[in-house]
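The values are calculated or read from the model by the stated rules, or taken from the named source; none is laboratory data. These numbers come from a predicted model, not from an experiment. Glycine also receives a Cβ, built like all others from the backbone with ideal geometry; neighbour counts cover every protein chain displayed. Protein only, heavy atoms only, side chains kept; ligands, DNA and RNA dropped before computing areas. Shrake-Rupley method; radii C 1.70, N 1.55, O 1.52, S 1.80 Å.
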Amino acid sequence: MTTSSLSSANKIYNSHSVIHHSDELFDILGVPVDQRAIFCDNRFALKVPYAFVQKIQGNDVASLLSDPILRQILPTKDEHQAVAGYVDDPLCEMEFNTHKSLLHKYHSRVLITITGACLVHCRYCFRQHFDYQANLPDAPAMAQIMTYLKQNPQIDEVILSGGDPLSVSNRRLFDWMAKLIEETAIGTIRLHTRVPIVMPARIDEVFLQKIHAISQQKRVVMVVHSNHANELDAYTKQTLKAIGQAGVTMLNQSVLLKGINDDVESLAKLSHALFDAGVLPYYLHKLDKVKGSAHFAVDDAQANELYRRLLERLSGYLVPKFVQELAHWAHKTPINVYK
Ligand SMILES: *Cc1c(COP(=O)(O)O)cnc(C)c1O
């Protein structure tokens, strides 16, 4: 053990701990001080739950540093590279942000950013530059959203997003759902969250009981975000199953990421692991061109070839739809891999 690891060696971590400092992270992983130069800080700072760090694997420093989970969360100098076409708001979301906290881009569904906070800072996050400060939903904003939903009956589904909607307390989260049920006629409530993957212990009994009660009144869908089978250990799978058993339709979205899951083996294993946990693969997204993420981009021809091989390899229901989000389109756009 190195000298600097003494500080964190004395610290007690639990299943709800969140790590914000690179030295703390490297101490836990056992990466010696003289081999930490790969870290390079960023305004969108390092943030990762201890429970997610525990899924990082490797017997030596080289394998640790190339681990598919570590690469998703460790800020590196690559992020400071300016690359043409990579911008702050690649999806032009600000244009659709007509009401505070509300994004209405697709016909029948809206997305509400109920919080800017997230438990994990994924380095390729397309909302890392989003103006959450201007979008924090206070009581008047919440009331305005309810009015908007009543005035637009074509909206049948509300997606609670963020940030991560499960990073807020059960009380705040279920307050949103109760209001949606009482005040609107929507049919489906959807949660977009990575919390069950990065901090499964957050899914407590209260959450399971309350979501079960909601699922008796409305359709409830949860779309989690996992990119690699290593994220799905036994406890995480058990947690996902429990949410499904509470009446929630469980789906997953992934991002195709260079050096993380850009091979048939990884994607096939992920689909199988998800299915074991009662979760169906929904989307495989092409990387959004957000500033600082160019090093995660997979070459188009290679991505198409990879997806064709995945189609050959897996049962149809294990193949996620390969899509990209184009700024002004009213739906995710399927990628034609046969052109
Ligand atoms: C992705 C997204 C949705 C949901 O799209 P689905 O194809 O229904 O999963 C809704 N609103 C916005 C702004 C989105 O980016």
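Here is how the numbers come out for the structure above:
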{"read-out": "Dipole axis of the stretch 110-192 (+1 Lys, Arg; -1 Asp, Glu on Cβ), positive-most option in Thr147, Gly163, Asn135", "value": "Gly163"}
{"read-out": "Overall dimensions of the stretch 43-154 by Cα: Rg and Dmax, Å", "value": "18.2, 58"}
{"read-out": "In order through the stretch 184-192: 3J(HN,Hα) via Karplus (6.51 cos²θ - 1.76 cosθ + 1.60), integer Hz, x for Gly, Pro", "value": "10, 10, 4, x, 9, 10, 10, 10, 9"}
{"read-out": "Unit charges on C-beta of K, R, D, E only; dipole of the stretch 99-190, Debye", "value": "200"}
{"read-out": "Those lysines that a straight Cα-Cα span of less than 29 Å connects to Lys218, excepting residues fewer than 8 apart in one chain", "value": "Lys100, Lys105, Lys150, Lys179, Lys210, Lys237, Lys241, Lys321, Lys332"}
{"read-out": "Heavy atoms of Asp299: accessible area, 1.4 Å probe, square angstrom to 10", "value": "90"}
{"read-out": "Residue-averaged [θ]222 nm for the chain, counting only DSSP H segments that reach four residues, each worth -39500 (n - 2.57)", "value": "-9000 deg cm²/dmol"}
{"read-out": "Percent of Cα pairs exceeding the 14 Å cut-off, where the set is the stretch 167-208", "value": "55"}
{"read-out": "DSSP-defined antiparallel bridges as percent of all bridges, the chain, nearest 5", "value": "25"}
{"read-out": "Per-q log10 I(q)/I(0), the chain, q = 0.12 Å⁻¹ (Debye; single scatterer per alpha-carbon; no solvent)", "value": "-0.90"}
{"read-out": "Sequence-distant aspartates and glutamates (8 or more away, or on other chains) whose Cα lies within less than 12 Å of Lys269", "value": "Glu231"}
{"read-out": "Solvent-accessible area, 1.4 Å probe, carbon plus sulfur percent, for the stretch 218-309", "value": "50"}
{"read-out": "Alpha-carbon centroid distance for the pair the stretch 28-72 / the stretch 136-160, whole angstrom", "value": "40"}
{"read-out": "Relative contact order for the stretch 1-136, counting Cα pairs under 8 Å that sit 6 or more residues apart, in percent", "value": "22"}
{"read-out": "Long-range HN-HN contacts of Gln324 with modeled amide H, under 5 Å", "value": "Lys286, Thr333, Ile335"}
{"read-out": "Estimated Rh, the stretch 172-254: Kirkwood, alpha-carbon pairs, angstrom", "value": "13.2"}
